[in-house]
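Some notes on the structure that comes next.
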Amino acid sequence: MSDKSTLFKFDNISVTVEGKQVVNSVSLNIKRGEVHAIMGPNGSGKSSLSNALMGHPAYNITNGQAALDGVDILGMAADERSRAGLFLAFQYPLAIPGVTVANFMRTALQAHRGKDADMADFRKLFKKKMADLSIDPTFATRYLNDGFSGGEKKRIEILQLSVLDPKMAILDETDSGLDIDALKEVSKGINEYRNNNNAVLMVTHYQRLLNYVKPDFVHVMMDGRLVTSGGPELALKLEDQGYEWVEKEFGQKAEA
Amino acid sequence: MNIVTDSKYMIPHQSPALERGPAWLREKRRASQTEFNELPLPRRGLHLWRYTDPSGFMAIPDSADETAPSENYKLVEKLELDHLKSGNLEALVTDFGGRDIKVSRSGDDVTKGLVISSLSEAANSHAELIEKHLYSLIGGSSGKFEAMNSALWNDGIFIYVPDNVEVKKPLHLLREAGVEGSIQYPRLLVVVGKNASLTIVDEYGGGSSDFRNGQSYSNAVVEIIAEQDSRLRYISLQRQASGMQSYLTHRAQAQAGASILTIPLVFGAAISKQNFGVLLDGKGADSKMYGLLFGTSRQHLDNHTLHHHRAGMTTSDIDFKVVLRDKAMSAYTGLIRIEEDAKTCEAYQENRNLLLSDSTRAQTVPELEILNEDVSCSHGATAGPIDPMQIFQLQSRGIHEADAVRMIVSGYVQSSLKLVPEDLRERISEFVAHRLEDI
Ligand SMILES: Nc1ncnc2c1ncn2[C@@H]1O[C@H](COP(=O)(O)OP(=O)(O)O)[C@@H](O)[C@H]1O
Ligand SMILES: [Mg+2]
């Protein structure tokens, strides 16, 4: 194995939302080509961490650093973070009535390429990516997430991932709301996106998706802290035994 | 020339306007004149005049000039003539100053039986129809300013679709107000026969472009009769220039089984007060209103809608959307009235206000007068900025904040536009985009 360089690194990140601290001094070092997973029970702060890293206005980063490809991102607005190569697939994507999926994707890709960049290839690219993810072509002209089922929203998130092809993808509960066929297609999309130059951080409280997208590292989040890390076997143990043992072993520490 | 307003103004008996038309019409004008002179000015603070000063509309006709159309008028007229030539319109009617009415029809492709003419001609050629319907929904007793129009209107537009005639292409009415110093009283009468169908785009433009050079005034009346089982789509576009003071009252009657779709699009004028009402007068009548208002700078836009259920088993639905930026203000008053013997009705009303800056003002007043229990009725109103989470979601895909705002607003207005004919929809989308350029 060759030496892998760090792609996304954050240190001692703390987050407050509505004045309440929900993430407490979390650090991670993600290298190119790696897949990391953060697992943890509901309410442990996984989405807060993900949203804060993406620049969500409701989540305040009160402490810590984060750098993508060596560049500090915390001073950037969300759109700059995106253009710098960061991506977050949302746990709960919102509807934008009146804005079609195709128009949205074109505008996003144009923003990434620069406003005078050629977009002649867009139609073809977009059509191919839709087909790859088995998304019905009629979705192109539907309004973004407007009346979409939970599973459809998640597919559209992965469509955005594959069109924008970011350096670093954070996927927040991308498996929730998916039936088994959809889970396979979405996993296929994630695996097709992966290469030696990018990285994935999967955020989930089930290990279901991890059967299809194999993580190199698994981290466990409790009460806003990363309390332990391990390999893929840690995910299986959580699947087997639930989060109780983590709570027993690390709960105290988390409160301390 | 500057127009003089006087809240005590009376229409003089010797006013030449009262002498226009055949005897029965002159009688109606006289009656309206009397009503106007006797009616007090609406009291400020009461009901529909809570947000707008009525004395501002008391422009003295004698102080007005006959002015020429603006340059822009010729451009829009040409655009619409092109649409006519390329076969997208049934007819184009231009109305300058509520005075000069010109009808252009598509050469070989004219719908049989469809009558489009000036009111002054129709008063002779279709005397019976006109006498029956003109003033039937709006006349001297409808209110101070309705009486003023009813007495003083110069010429107007008449449209008649005979029974069972389906007019496939839209009819475009292009009304142009004169520049500063002008006053106009546009008037429209539409009769859609039994089981007939029609789409009308009623566009109001022109007027003084700058307050400081003087104002111009418009006081319009629209009467629509939709007979049994007919279908009417009526789009009202108000894009008058920014030195205009504008008043409009619209009443449409939906007879049994008729369905009316009304789309008020409000963009223009300095001060605009409009009142759109549908009377559901026969079993099975249905009315939908999808309004869109976009106010900028210091525009004062006051709108009222009425759904009056006067027969049982009638349905109505209103979605009135507002976007405001800068220091613009919108007042929306929506009245649903269901009469005691109008059983088993459904009536819905929603008013959403998207506020793009802190200095905008949006008033929303739902009014329900429901006189029986056997109805299904709901109303809702919201006012607030764009959801910052929506902006964030678009930004998180690399889209600049201002572009995200533009996308969300353009999307928000789409639902009001989806039933607007395509050519017009594109123009409206451009208006909206233009108003968001410097956001
Ligand atoms: N927008 C918000 N407003 C208020 N509280 C929030 C918000 N988002 C998250 N929280 C709180 O932060 C904590 C962590 O939630 P979250 O990050 O969603 O956890 P997870 O994704 O692990 O389920 C919870 O107590 C939750 O109630
Ligand atoms: Mg979550």
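So B:Glu373 fits all but one of (1) out of contact with any helix residue (DSSP H, G or I) (no Cβ under 7 Å at 6 or more places or on another chain); (2) crowded, with 20+ Cβ neighbours inside 10 Å; (3) part of a loop (DSSP other than H, G, I, E, B); what number is the exception?
(2)
Suppose we keep only residues that are surrounded by 12 or more Cβ atoms within 10 Å (Cβ to Cβ) and in a helix (DSSP H, G or I) within the range B:35-51. Which one would you say is nearest to the chain's Cα centre (by Cα)? Walk me through it before giving the result.
Applying the first criterion (surrounded by 12 or more Cβ atoms within 10 Å (Cβ to Cβ)) to the range B:35-51 yields B:35-37, B:39, B:41-42, B:44, B:47-51.
Cutting the leftovers down to in a helix (DSSP H, G or I) gives us B:35-37, B:47-49.
Numbers: B:Glu35: 23, B:Phe36: 22, B:Asn37: 25, B:His47: 20, B:Leu48: 16, B:Trp49: 18 Å.
Once the filter is applied, the top-ranked residue is B:Leu48.
Condition first: of a type in the set (A, V, I, L, M, F, W, C) and either away from ligand 2 (no atom under 16 Å from the Cβ) or within 14 Å of chain B (Cβ to nearest Cβ) (or both). Now tell me which residues in the range A:211-220 satisfy that. Full working, then the answer.
We begin by selecting, within the range A:211-220, every residue of a type in the set (A, V, I, L, M, F, W, C); these are A:213, A:217-218, A:220.
Once the filter is applied, which keeps residues that are of a type in the set (A, V, I, L, M, F, W, C) and either away from ligand 2 (no atom under 16 Å from the Cβ) or within 14 Å of chain B (Cβ to nearest Cβ) (or both), the range A:211-220 yields A:Val213, A:Phe217, A:Val218.
Please count how many residues of the range A:25-46 are among the aliphatic types (A, V, I, L, M) and away from ligand 2 (no atom under 16 Å from the Cβ). Step through it out loud before you land on a result.
First, the residues of the range A:25-46 that are among the aliphatic types (A, V, I, L, M): A:26, A:28, A:30, A:35, A:37-39.
Still in the list and also away from ligand 2 (no atom under 16 Å from the Cβ): A:28, A:30, A:35.
So the count comes out to 3.
Inside the range B:81-102, can you point out the residues that are touching a residue at least 12 places away in the same chain (Cβ under 8 Å), within 23 Å of B:Leu25 (Cβ to Cβ) and either in the same structural domain as B:Leu424 (by TED's automatic domain parsing) or surrounded by fewer than 17 Cβ atoms within 10 Å (Cβ to Cβ) (or both)?
B:Asp100
Out of B:Asp358, B:Asp341, B:Asp302, which single residue is on the phi < 0 side of the Ramachandran plot, charged (D, E, K, R) and either assigned by TED's automatic domain parsing to the domain that holds B:Arg212 or open to solvent by less than 10 Å² (accessible area, probe 1.4 Å) (or both)? Walk me through how you get there before you give the answer.
Numbers: B:Asp358 fails: either assigned by TED's automatic domain parsing to the domain that holds B:Arg212 or open to solvent by less than 10 Å² (accessible area, probe 1.4 Å) (or both); B:Asp341 fails: either assigned by TED's automatic domain parsing to the domain that holds B:Arg212 or open to solvent by less than 10 Å² (accessible area, probe 1.4 Å) (or both).
Result of the check over B:Asp358, B:Asp341, B:Asp302: B:Asp302.
Among A:Lys31, A:Lys46, which is open to solvent by 40 Å² or more (accessible area, probe 1.4 Å) and basic (Lys, Arg)?
On the way: A:Lys46 fails: open to solvent by 40 Å² or more (accessible area, probe 1.4 Å).
Unique residue meeting the criteria: A:Lys31.
Taking the options B:Ile386, B:Ile428, B:Ile399, name whichever one is at pLDDT below 95, open to solvent by less than 20 Å² (accessible area, probe 1.4 Å) and either in a helix (DSSP H, G or I) or at negative phi (or both).
Numbers: B:Ile386 fails: at pLDDT below 95; B:Ile399 fails: at pLDDT below 95.
Within the list B:Ile386, B:Ile428, B:Ile399, the selection yields B:Ile428.
Which of the following residues is farther than 30 Å from B:Gln390 by Cβ and touching a residue at least 12 places away in the same chain (Cβ under 8 Å): B:Gly268, B:Gly334, B:Gly277? Break it down stepwise before answering.
Numbers: B:Gly268 fails: farther than 30 Å from B:Gln390 by Cβ; B:Gly334 fails: farther than 30 Å from B:Gln390 by Cβ.
Only one candidate qualifies: B:Gly277.
Only one of A:His36, A:His56 is touching a Phe, Trp or Tyr at 6+ places or on another chain (Cβ under 8 Å), surrounded by 15 or more Cβ atoms within 10 Å (Cβ to Cβ), under 23 Å from A:Ala111 (Cβ atoms) and not hydrophobic (A, V, I, L, M, F, W, C); which? Working first, answer last.
Details: A:His36 fails: under 23 Å from A:Ala111 (Cβ atoms).
From the options A:His36, A:His56, the qualifying one is A:His56.
Might you check whether a residue that is surrounded by fewer than 22 Cβ atoms within 10 Å (Cβ to Cβ) and in contact with a Pro (Cβ under 8 Å, 6 or more places away or on another chain) occurs anywhere in the range A:84-92?
Checked against the condition, which is being surrounded by fewer than 22 Cβ atoms within 10 Å (Cβ to Cβ) and in contact with a Pro (Cβ under 8 Å, 6 or more places away or on another chain), the range A:84-92 yields at least one hit.
Pairs please, first residue from the range A:45-57 and more than 16 Å from A:Ala67 (Cβ to Cβ) and facing chain B (nearest Cβ under 9 Å), second anywhere and open to solvent by 20 Å² or more (accessible area, probe 1.4 Å) and not in a helix (DSSP H, G or I), Cβ atoms under 6 Å, 6+ apart in sequence or on different chains.
Listed by first residue and then by second, the contacts come to A:Asn51/A:Tyr59.
Out of the range A:207-250, which residues are of a type in the set (D, E, K, R), in contact (Cβ under 8 Å) with a residue 60 or more places away in the chain and more than 16 Å from ligand 1 (Cβ to nearest atom)?
Residues satisfying the conditions are A:Lys214, A:Asp216.
Could you run through the range A:163-184 and say how many residues are away from ligand 2 (no atom under 16 Å from the Cβ) and surrounded by fewer than 19 Cβ atoms within 10 Å (Cβ to Cβ)?
6
Output the qualifying pairs, or none if there are none: Cβ atoms under 9 angstrom, residues six or more apart or on different chains, first residue in the range A:13-27 and open to solvent by less than 10 Å² (accessible area, probe 1.4 Å), second residue polar (S, T, N, Q) and within 15 Å of ligand 2 (Cβ to nearest atom).
Matching pairs, first to second residue: A:Val15/A:Ser48; A:Val15/A:Asn51; A:Val23/A:Ser48.
Answer with yes or no whether A:Asn51 is within 16 Å of ligand 2 (Cβ to nearest atom) and modelled with pLDDT under 95. It would help to see each step written out before you state the result.
Values: within 16 Å of ligand 2 (Cβ to nearest atom): yes; modelled with pLDDT under 95: no.
No.
Regarding B:Leu265, is this residue under 24 Å from B:Ser117 (Cα atoms) and surrounded by 24 or more Cβ atoms within 10 Å (Cβ to Cβ)?
Working: under 24 Å from B:Ser117 (Cα atoms): no; surrounded by 24 or more Cβ atoms within 10 Å (Cβ to Cβ): yes.
Answer is no for this residue.
Would you kindly identify the strands (runs of 3 or more DSSP E) lying entirely within the range B:114-210 that contain at least 2 residues that are touching a residue at least 24 places away in the same chain (Cβ under 8 Å) and open to solvent by less than 10 Å² (accessible area, probe 1.4 Å)? Lay out the reasoning, then the answer.
On the way: elements: B:115-118, B:157-161, B:171-177, B:187-192, B:197-206.
Result: B:157-161, B:171-177, B:187-192, B:197-206.
Which residue pairs have Cβ atoms under 9 Å apart, sit 6 or more places apart or on different chains, and have a first residue in the range A:101-112 that is free of Cβ contacts under 8 Å to residues at least 60 places away in the same chain and within 7 Å of chain B (Cβ to nearest Cβ) and a second that is open to solvent by 40 Å² or more (accessible area, probe 1.4 Å) and in a helix (DSSP H, G or I)?
Between residues of the range A:101-112 that are free of Cβ contacts under 8 Å to residues at least 60 places away in the same chain and within 7 Å of chain B (Cβ to nearest Cβ) and residues that are open to solvent by 40 Å² or more (accessible area, probe 1.4 Å) and in a helix (DSSP H, G or I), the close pairs are A:Thr107/B:Asp403; A:Ala111/A:Arg83; A:Ala111/B:Asp403; A:His112/A:Arg83.
Only one residue in A:Lys237, A:Lys153 is part of a helix (DSSP H, G or I) and either under 19 Å from A:Tyr92 (Cα atoms) or among the hydrophobic types (A, V, I, L, M, F, W, C) (or both). Which one?
Values: A:Lys237 fails: either under 19 Å from A:Tyr92 (Cα atoms) or among the hydrophobic types (A, V, I, L, M, F, W, C) (or both).
After applying the criteria, what remains is A:Lys153.
Can you pull out every residue in the range B:402-419 that is modelled with pLDDT under 95, more than 8 Å from chain A (Cβ to nearest Cβ) and in a helix (DSSP H, G or I)?
Correct list: B:Ser416, B:Leu417.
I need the full set of residues from the range A:65-83 which are in contact (Cβ under 8 Å) with a residue 40 or more places away in the chain, more than 7 Å from chain B (Cβ to nearest Cβ) and open to solvent by less than 20 Å² (accessible area, probe 1.4 Å), in order please.
The answer is A:Ala66, A:Leu68.
Does B:Met313 satisfy the criteria of being among the hydrophobic types (A, V, I, L, M, F, W, C) and open to solvent by 30 Å² or more (accessible area, probe 1.4 Å)? It would help to see each step written out before you state the result.
Values: among the hydrophobic types (A, V, I, L, M, F, W, C): yes; open to solvent by 30 Å² or more (accessible area, probe 1.4 Å): yes.
Considered against the rule, which asks whether it is among the hydrophobic types (A, V, I, L, M, F, W, C) and open to solvent by 30 Å² or more (accessible area, probe 1.4 Å), B:Met313 comes out as yes.
Got at least one residue in the range B:281-297 being modelled with pLDDT under 95, crowded, with 24+ Cβ neighbours inside 10 Å and outside any loop (DSSP other than H, G, I, E, B)? Spell out the reasoning first.
Going through the range B:281-297, the residues modelled with pLDDT under 95 turn out to be none.
No.
Is it the case, given these coordinates, that B:Asp317 is touching a residue at least 60 places away in the same chain (Cβ under 8 Å) and under 19 Å from the mean Cα position of the chain (by Cα)?
Numbers: touching a residue at least 60 places away in the same chain (Cβ under 8 Å): no; under 19 Å from the mean Cα position of the chain (by Cα): yes.
Against the criterion (touching a residue at least 60 places away in the same chain (Cβ under 8 Å) and under 19 Å from the mean Cα position of the chain (by Cα)), B:Asp317 does not qualify.
For A:Asp175, are the conditions met, namely being at pLDDT 90 or above and more than 16 Å from ligand 1 (Cβ to nearest atom)?
Values: at pLDDT 90 or above: yes; more than 16 Å from ligand 1 (Cβ to nearest atom): no.
Here the answer is no, as A:Asp175 does not meet what is asked.
Go through the range A:155-205 and give me each residue that's polar (S, T, N, Q) and within 14 Å of another protein chain (Cβ to nearest Cβ).
A:Gln160, A:Ser162
The values are calculated or read from the model by the stated rules, or taken from the named source; none is laboratory data. The shown structure was predicted, so the numbers you read here are calculated from the model rather than taken from an experiment. Reconstructed Cβ throughout: ideal geometry from the backbone, glycine too, with neighbour counts over all protein chains shown. To get the accessible areas, we keep the full protein, side chains included, count just its heavy atoms, and leave off ligands, DNA and RNA. Shrake-Rupley method; radii C 1.70, N 1.55, O 1.52, S 1.80 Å.
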